[in-house]
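**Student:** I have a structure I would like to understand better, so I am pasting it below and will then ask my questions one at a time.
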Amino acid sequence: MLKAVIIDSNAITRGLLQTILVNNGWDVVGHTNTNAQGLLLLQKFQPHFVCIDLNQIDDETNILDAIKNEWPKTLIFLMSSAIDAATVQNALARGVHGFFLKPFNQATVATTIRNAVLRLIKQQQLQN
């Protein structure tokens with residue numbers, strides 16, 4: 001079972017996403033409203049993927065770089081109510097693996113995660 005951490009300042013959003021992830025067979029090992037606590041959860045649980053609100057990626061913790069450096073195999077998904085092309089390009093360049101729009105669509109969230117996992121597996125197989 002893949003493990004996940006959710007980082008979003010809104011408790012309702014965290015709860016909704018947690019329900020979607022659990023309903024699709026993933027284990028949400030922790031969720032928090034701060035990046036600092038999110039990094040502690042990543043350190044403690046070593047999740048396979050993390051879902052972060054777009055508004056939280058550019059604070060003093062530099063969370064995207066921290067995740068890429070400390071947990072390079074952890075998939076990163078951003079979530080927001082609106083994502084433009086420039087934001088997508090910037091995030092992909094910073095190592096993000098996918099995006100979810102709020103309000104969440106359960107099928108879209110599940111497909112986005114599954115596709116990212118499959119891409120990662122294919123990349124690893126090509127490297128071996």
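The values are calculated or read from the model by the stated rules, or taken from the named source; none is laboratory data. From a predicted model like this one, the values you see are computed outputs, not experimental measurements. Every residue, glycine as well, gets a Cβ built from its backbone with ideal geometry; the counts of neighbours run over all protein chains shown. The area values use the complete protein model at the heavy-atom level, side chains included, leaving out ligands, DNA and RNA. Shrake-Rupley method; radii C 1.70, N 1.55, O 1.52, S 1.80 Å.
**Student:** Quote the relative contact order of the chain in percent (integer), defining contacts as alpha-carbon pairs under 8 Å separated by 6+ residues.
**Tutor:** Relative contact order for the chain comes out at 22 percent.
**Student:** If the limit is 19 Å between Cα atoms, which of K44/K102; K68/K102; K3/K73; K44/K68; K73/K102; K102/K122 go over it?
**Tutor:** Correct reply: K44/K102; K68/K102; K73/K102; K102/K122.
**Student:** Over region 1-46, what is the relative contact order in percent, taking alpha-carbon pairs closer than 8 angstrom and at least six residues apart? Please list the in-between numbers first.
**Tutor:** Values: 59 pairs, mean separation 21.6, N = 46.
Relative contact order of region 1-46: 47 percent.
**Student:** I would also like to ask the following. Rounded to the nearest 20 Debye, what is the dipole magnitude of the chain about its Cα centre when Lys and Arg each give +1 and Asp and Glu each give -1 at the C-beta?
**Tutor:** Dipole of the chain, to the nearest 20 debye: 520 debye.
**Student:** Another one. Quick one: if the Förster radius is 22 Å, what FRET efficiency do Q124 and Q89 give, using the C-beta to C-beta distance and rounding to 0.05?
**Tutor:** Working from the Cβ atoms, E equals 0.35.
**Student:** Still on this structure, I have one more. At 7 Å along the Cα-to-beta-carbon direction for both M1 and L101, put a label point, then send me their distance in nm to one decimal.
**Tutor:** 3.1
**Student:** Something else about it: Apply the a/c threshold of 1.5 to the C-alpha gyration tensor of region 76-118 and tell me whether it is rounded, prolate or oblate.
**Tutor:** Note, shape of region 76-118 comes out oblate.
**Student:** Between L41, L21, L101, find the one with the highest GNM mean-square fluctuation for the chain; connect C-alpha pairs within less than 10 Å.
**Tutor:** L101
**Student:** Which Cα, out of T61, V22, Q43, lies furthest along the positive dipole direction of region 1-64 (beta carbon charges, K/R +1, D/E -1)?
**Tutor:** Value computed over the given set: V22.
**Student:** Counting just the Cα atoms, what span does the chain cover along each of its three principal axes? Round to the nearest Å and put the largest first.
**Tutor:** That works out to 41, 34, 33 Å along the principal axes.
**Student:** Scattering from the C-alpha atoms of region 56-128 alone, worked out with Debye: what is log10 I(q)/I(0) at q = 0.19, 0.24 1/Å?
**Tutor:** Relative scattering, expressed as log10 I(q)/I(0), comes to -0.89, -1.24.
**Student:** For region 91-128 and region 3-73, what is the separation of their Cα centres, given in Å?
**Tutor:** Result: 15 Å between the Cα centres.
**Student:** Kindly provide the helix-only [θ] at 222 nm of the chain, computed as the sum of -39,500 (n - 2.57) over DSSP H runs of four or more divided by all residues, to the nearest 500 deg cm²/dmol? Let's see the in-between values first.
**Tutor:** Numbers: 5 runs with 63 residues, N = 128.
Rounded to the nearest 500, the figure is -15500 deg cm²/dmol.
**Student:** Still on this model: On average, how much accessible surface per residue is there in the chain, in Å², for a 1.4 Å probe, leaving out ligands, DNA and RNA?
**Tutor:** Counting only protein heavy atoms, the per-residue value for the chain is 55 Å².
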